[in-house]
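Read-outs throughout are calculated quantities, based only on the coordinates presented, and are distinct from any laboratory measurement. Values in this document were obtained by computation on a predicted structure and should not be read as measured data. As a convention, Cβ positions derive from the backbone with ideal geometry for all residues, glycine included, and neighbour counts pool all protein chains shown.
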Amino acid sequence: MNSYWLDRLKVNIFPVSFEQSDVRKALNEWVYQGNMYDVEIAEETCELCDQPHIRYQFEIFNIMTGNILQIGSECIKRFNIGVVDQKGHILSTDAARKKVNKDRNKLITDAKVKSVINSLVDLARVDNQFDIESFIKYFKENGSFTPKQLTTLIWRFETHKIEHIKPHLKMTIKKNKDKEQLLGMVEWKVQKIWDCMSTSQRDFYNKNK
Ligand SMILES: [Zn+2]
């Protein structure tokens, strides 16, 4: 561990640990048990290394003192914090990394879903022609929208100046009828939903158009 991290770590970890002089021993008192939070705005600070702009907080627990710290996922890996699975077993370094990455990805995916739902709710507030129920139902079942749904959505979002993030509004063309829908669309409509499309969907469109 280089001294840059070590100095920051010492200041933060000893006041909340049982061990008071050996950093590695103090670190061994801490475990990550799978509690993680999306605070939605990246303005928290990692309580181990003081890194600012943390959005996804990972909670670590001290088995000796019962203290809790909220830290960035990088620090679990950087300092080799023990990771415990649901049955209470300590994972190997490799499995621990995988779990931390997986948990972080889940927070990111959930955040994207939330941002889509928020945009739909914002739209429904100002647009009483918009059938939010059917869009939310479809999105919850599929995690994506058909090409036609997307053009409708983008048009309505733009008309009512509703904040939306196109790459979060994912498109599905798994069914043949969705593929035909996309290929049958006028060019400018496809351009409107281009940022919602994955690379392979864009390739499919370019090859088959
Ligand atoms: Zn940190």
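At a Förster radius of 41 Å, what calculated FRET efficiency corresponds to the Cβ-Cβ distance of T152 and K102, to the nearest 0.05?
Numbers: r = 34 Å, r/R0 = 0.83.
Between T152 and K102 the formula returns 0.75.
Given Cβ point charges of +1 (Lys, Arg) and -1 (Asp, Glu) and nothing else, what value in debye, to the nearest 20, does the dipole of the chain about its Cα centre take?
In total the dipole reaches around 1060 debye.
Could you tell me how many cubic angstrom of Cα convex hull volume the chain has per residue? Let's see the in-between values first.
On the way: hull volume 36.4 nm³, N = 209.
Cα convex hull per residue, to the nearest whole number: 174 Å³.
Using a Förster distance of 25 angstrom, determine the FRET efficiency expected from the C-beta separation of K87 and I117, and round it to 0.05.
With R0 = 25 Å, the Cβ-Cβ based efficiency is 0.15.
Among T93, I136, L153, which residue has its Cα positioned farthest towards the positive end of the charge dipole of the stretch 70-174, with +1 placed on the Cβ of Lys and Arg, -1 on the Cβ of Asp and Glu, and the dipole taken about the Cα centre?
T93
By counting other Cβ atoms within 10 Å of each Cβ, how are F135, F204, F145 ranked from fewest to most?
Values: F135 20, F204 16, F145 23.
Exposure proxy ranking, most exposed first: F204, F135, F145.
Measure nothing fancy, just the Cα-based angle from helix 132-142's long axis to the longest principal axis of the chain, in degrees from 0 to 90, nearest 10.
With rounding to tens, the tilt is 60 degrees.
Specify the residue with the greatest mean-square fluctuation among V126, V31, V190, computed from a Gaussian network of the chain linking alpha-carbon atoms under 10 Å apart.
Among V126, V31, V190, the largest GNM mean-square fluctuation belongs to V126.
How much length is gained on full extension from H160 to M64, taking 0.36 nm per residue of separation minus their Cα-Cα distance?
29.1 nm
Need the full-extension length gain, N2 to K177, defined as separation in residues times 0.36 nm minus the C-alpha distance. One decimal, nm.
57.3 nm
Could you please state, rounded to a whole Å, how far the C-alpha centre of the stretch 1-25 is from the C-alpha centre of the stretch 140-189?
Result: 51 Å between the Cα centres.
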